[in-house]
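Peer 1: Here it is, the structure, as structure tokens.
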Amino acid sequence: MKKVLTALSAAVILIGTVGCGASAFKQSTDYKANSYSPNNFAVAEESYDDGMADSDYELKSERNITDFDQKIAKTTRLSIEVSDYNLASDSLKSFVKDSGGYVEDVHSYVYRKTEKRDFKSGSFTLRVPVDHYDSVRNQIFTLGKITTDSENAQNLTNEYFDTEARLKAKEKEETRLLELILKAEKIDELILLEERLSNVRAEIERHQSRINTIDRTTAYSTIYVELTEAFSAEIEPVSENFGSKIKNVFINSINGVKTFFEYCAIFIAGAIVPLLILAAVFVVVIVIVKKSRKP
């Protein structure tokens with residue numbers, strides 16, 4: 001009986017040992033099959049991208065946007081009728097300079113000329129720090145009569161922080177890829193990782209460029225101003241050289257008549273010889289015709 005129990009125990013132990021060995025062999029095979037290779041890199045990359053998308057969402061949701069964080073691009077367009085263009089232009093530039101801003105573009109021209117003065121018009125593109133936007137706008141209103149006033153505010157807050165979240169996620173991915181490159185043992189693995197790293201760095205540059213653009217756009221507000229010097233029709237006084245103008249016109253008229261008769265005389269003098277020849281020919285022809293008609 002003891003021998004039978006001993007045999008059964010040995011059989012159970014043997015079966016357990018074989019089963020554990022088979023399981024261990026299967027796990028080892030699965031590990032090798034799932035290890036990094038060029039064929040399954042795309043699957044791993046998709047999984048990693050999904051992780052980055054989740055990270056984007058977490059970064060965005062964790063950010064508590066306050067009024068201080070608002071990214072708003074303000075733009076104003078004004079048309080103003082002023083009594084003195086040069087004075088208004090100087091005042092406009094002074095307002096902007098005092099606010100810490102700058103004049104980005106100026107274009108001026110004379111749109112009407114009179115004996116007394118030239119009437120000017122011009123367009124200005126002003127960049128004003130966002131903190132001084134309202135005060136500068138109110139100062140500009142004092143320059144003259146406002147004929148056009150439009151204001152626009154573009155809220156770029158969501159785009160800014162979404163882009164910022166994506167930038168941070170891509171920077172994390174860059175760090176992870178650099179770690180994998182250091183551990184890569186095969187050439188094909190290294191090539192795939194470096195290609196992915198190049199793409200990630202291009203995306204980082206694109207996100208950073210957009211963030212910088214939004215920062216510049218929202219740090220300074222844009223004000224477009226059209227200044228026009230008011231023109232009012234006036235009866236202009238008789239100029240001091242009015243008498244000399246009449247004298248010159250009269251003299252020019254006499255000279256014109258004289259020139260006309262001179263040209264007539266010259267024409268007749270030049271045409272008299274051909275006319276005499278034509279007259280002689282005409283007379284000869286008439287004489288011949290008359291003689292031919294006689295019986």
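Peer 1: Right, ASN138: closer than 19 Å to GLU229 by Cβ and without any contact (Cβ under 8 Å) to a residue 40 or more places away in the chain or not? Before you say what the answer is, go through the steps one by one.
Peer 2: Values: closer than 19 Å to GLU229 by Cβ: no; without any contact (Cβ under 8 Å) to a residue 40 or more places away in the chain: yes.
So ASN138 does not fit the description; no.
Peer 1: A follow-up question, please. Condition (residue is part of a helix (DSSP H, G or I) and farther than 27 Å from ASP134 by Cβ) applied to segment 217-234: is it met by at least one residue? Step through it out loud before you land on a result.
Peer 2: Narrowing segment 217-234 to residues part of a helix (DSSP H, G or I): 217-219.
Among the residues that remain, those that are also farther than 27 Å from ASP134 by Cβ are: none.
No - not one qualifying residue is present in segment 217-234.
Peer 1: With the condition kept exactly as written, say whether any residue in segment 199-212 is within 22 Å of the chain's Cα centre (by Cα), part of a helix (DSSP H, G or I) and within 30 Å of LEU78 (Cβ to Cβ).
Peer 2: Yes, segment 199-212 contains at least one residue that is within 22 Å of the chain's Cα centre (by Cα), part of a helix (DSSP H, G or I) and within 30 Å of LEU78 (Cβ to Cβ).
Peer 1: Now, a different point. Can you find a residue that is modelled with pLDDT of 85 or more and surrounded by 10 or more Cβ atoms within 10 Å (Cβ to Cβ) anywhere in segment 230-241? Spell out how you get there, then give the answer.
Peer 2: Quick first cut of segment 230-241, residues modelled with pLDDT of 85 or more only: 230.
With surrounded by 10 or more Cβ atoms within 10 Å (Cβ to Cβ) added as a condition, the list becomes 230.
Yes: one or more hits.
Peer 1: Could you grab me the full set of residues in segment 190-209 that are of a type in the set (Asp, Glu) and either touching a Pro at 6+ places or on another chain (Cβ under 7 Å) or within 19 Å of LYS168 (Cα to Cα) (or both)? Working first, answer last.
Peer 2: So in segment 190-209, the residues of a type in the set (Asp, Glu) come out as 194-195, 203, 205.
Across segment 190-209, the qualifying residues are GLU203, GLU205.
Peer 1: Quick test for you: out of SER79, SER108, pick the one residue that is modelled with pLDDT of 95 or more and in contact with a strand residue (DSSP E or B) (Cβ under 8 Å, 6 or more places away or on another chain). It would help to see each step written out before you state the result.
Peer 2: Numbers: SER108 fails: modelled with pLDDT of 95 or more.
None of the others qualify; the one that does is SER79.
Peer 1: Looking at segment 131-173 only, could you name the residues that are among the aliphatic types (A, V, I, L, M) and surrounded by fewer than 16 Cβ atoms within 10 Å (Cβ to Cβ)?
Peer 2: Step one: of segment 131-173, the residues among the aliphatic types (A, V, I, L, M) are 136, 140, 143, 146, 153, 156, 165, 167, 169.
Answer for segment 131-173, where residues must be among the aliphatic types (A, V, I, L, M) and surrounded by fewer than 16 Cβ atoms within 10 Å (Cβ to Cβ): ILE146, ALA153.
Peer 1: Same structure, new question: Of THR175, THR148, which residue is in contact (Cβ under 8 Å) with a residue 60 or more places away in the chain and assigned by TED's automatic domain parsing to the domain that holds ASP98?
Peer 2: On the way: THR175 fails: in contact (Cβ under 8 Å) with a residue 60 or more places away in the chain.
So the residue among THR175, THR148 that is in contact (Cβ under 8 Å) with a residue 60 or more places away in the chain and assigned by TED's automatic domain parsing to the domain that holds ASP98 is THR148.
Peer 1: For segment 117-144, give me each residue that is in contact with a Ser or Thr (Cβ under 9 Å, 6 or more places away or on another chain) and assigned to a strand (DSSP E or B).
Peer 2: Answer for segment 117-144, where residues must be in contact with a Ser or Thr (Cβ under 9 Å, 6 or more places away or on another chain) and assigned to a strand (DSSP E or B): PHE119, LYS120, SER121, GLY122, SER123, PHE124, THR125, LEU126, ARG127, VAL128, PRO129.
The values are calculated or read from the model by the stated rules, or taken from the named source; none is laboratory data. For clarity, every value in this text was computed on a predicted model and none was experimentally measured. Counting neighbours? That spans all protein chains shown, and the Cβs are built from the backbone with ideal geometry, glycine included.
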